1. State whether one or more residues within segment 105-118 are of a type in the set (A, V, I, L, M, F, W, C), under 22 Å from Phe234 (Cα atoms), at pLDDT 95 or above and not in a helix (DSSP H, G or I).
2. Looking only at segment 63-97, filter to residues that are more than 20 Å from Leu46 (Cβ to Cβ) and of a type in the set (A, V, I, L, M, F, W, C); which one of those is farthest from the ligand (Cβ to nearest atom)?
3. If I go through segment 98-156 residue by residue, how many of them are touching a Lys or Arg at 6+ places or on another chain (Cβ under 9 Å), within 11 Å of the ligand (Cβ to nearest atom) and among the aromatic types (Phe, Trp, Tyr)?
4. Condition (residue is within 13 Å of the ligand (Cβ to nearest atom) and at pLDDT below 95) applied to segment 229-237: is it met by at least one residue?
5. What about Ile151, is it out of contact with any strand residue (DSSP E or B) (no Cβ under 7 Å at 6 or more places or on another chain), in a helix (DSSP H, G or I) and of a type in the set (A, V, I, L, M, F, W, C)?
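The values are calculated or read from the model by the stated rules, or taken from the named source; none is laboratory data. Given the structure is predicted, the values throughout are model-derived calculations rather than measurements. Cβ coordinates were reconstructed from backbone atoms using ideal geometry, including for glycine residues, and neighbour counts include every protein chain displayed.
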Amino acid sequence: MISLILQRFIILFPVFLYTAFAAQQPQPETFRPVTASTLNPVYGPLADQIVSEFGLAEKTGIGIDLGSGPGDLIIELCKRTENLHWINADINPRFFPEFINRAGEAGFEQRVSAIYADAVALPFRDDYADILVSRGSFQFWEDLQAAIAEIVRVLKPGGVAFIGRGFSDNLPVETARQIRARQKERDFDLSYDVEAVKQQMENILKDLGIQNYNIRIPRPVGAGDVKYGIWLEFHKPVS
Ligand SMILES: C[S@@+](CC[C@H](N)C(=O)[O-])C[C@H]1O[C@@H](n2cnc3c(N)ncnc32)[C@H](O)[C@@H]1O
């Protein structure tokens with residue numbers, strides 16, 4: 001009798017362990033944020049704009065997407081750049097397995113990396129990256145000035161940063177309107193004041209001695225009250 005109980009225990013214990021632990025691990029499909037499909041149309045036009053304005057199509061070097069999350073922007077940037085290596089630098093590594101899988105499926109496994117990164121203490125050496133982009137993340141950074149100082153540090157002299165939230169100017173107004181309507185249904189908070197953010201960014205850039213910058217608040221023709229967000233571009237001084 002005792003040996004029968006022991007036998008059952010030996011067989012069933014591994015099943016119990018699997019049920020209790022492994023089976024409860026989140027499956028890759030649960031990594032996708034609920035808003036991902038809503039935002040899908042945003043990344044292609046944004047990547048078009050970044051590649052064309054900063055002349056990235058044939059550029060070699062390192063690009064960082066800070067707070068890239070599932071990495072949709074990086075995948076679109078890889079499609080439009082031949083020689084840049086793109087790094088997903090995010091404080092939340094739970095997105096990384098899915099990002100690496102998707103990049104692999106798209107044929108970009110040799111052109112992407114992912115690293116745990118807090119914007120206020122970036123894990124890169126000085127003068128490392130040719131470009132740093134970031135969408136929809138800066139509003140979560142603990143200290144925007146410390147983060148921008150870090151971005152200046154890791155950019156190569158002459159390197160460019162393009163950081164913002166919302167949509168690029170070239171996103172069709174009807175698409176933007178539909179996305180905002182869907183976000184409103186989900187109580188997405190869009191109450192931030194773009195002019196106040198602009199002022200905050202200007203103060204920070206002045207403190208850091210960055211003069212070569214441009215802050216855009218896209219307002220395409222016909223957009224009306226559809227909020228396109230705000231974007232900061234700045235260039236690290238060469239000397
Ligand atoms: C709203 S999601 C945007 C994701 C992606 N950039 C996009 O446009 O789809 C915000 C991202 O910023 C990341 N994040 C928040 N705080 C951060 C920080 N201090 N440093 C780096 N990433 C951060 C989050 O983990 C998340 O992936």
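1. Our first condition is that a residue be of a type in the set (A, V, I, L, M, F, W, C); within segment 105-118, this holds for 106, 108, 112, 114-115, 117.
Checking the rest, the ones that are also under 22 Å from Phe234 (Cα atoms) come to 117.
Checking which are at pLDDT 95 or above leaves us with 117.
Next, only the ones that are not in a helix (DSSP H, G or I) stay: 117.
Looking for residues that are of a type in the set (A, V, I, L, M, F, W, C), under 22 Å from Phe234 (Cα atoms), at pLDDT 95 or above and not in a helix (DSSP H, G or I), one finds at least one in segment 105-118, hence yes.
2. The qualifying residue farthest from the ligand (Cβ to nearest atom) is Phe96.
3. Number of matching residues: 1.
4. Taking segment 229-237 first, the residues within 13 Å of the ligand (Cβ to nearest atom) are 229, 231.
With the extra rule that they be at pLDDT below 95, the set shrinks to none.
Among the residues of segment 229-237, not one is within 13 Å of the ligand (Cβ to nearest atom) and at pLDDT below 95, which makes the answer no.
5. Working: out of contact with any strand residue (DSSP E or B) (no Cβ under 7 Å at 6 or more places or on another chain): no; in a helix (DSSP H, G or I): yes; of a type in the set (A, V, I, L, M, F, W, C): yes.
Here the answer is no, as Ile151 does not meet what is asked.
One line per residue, one yes/no per condition, for (1) crowded, with 19+ Cβ neighbours inside 10 Å; (2) among the small types (Gly, Ala, Ser); (3) outside any loop (DSSP other than H, G, I, E, B); (4) touching a His at 6+ places or on another chain (Cβ under 6 Å):
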site	(1), (2), (3), (4)
Ser134	yes, yes, yes, no
Ala146	no, yes, yes, no
Lys156	no, no, yes, no
Arg165	yes, no, yes, no
Ser168	yes, yes, no, no
Leu171	yes, no, no, no
Ala176	yes, yes, yes, no
Arg182	no, no, yes, no
Lys206	no, no, yes, no
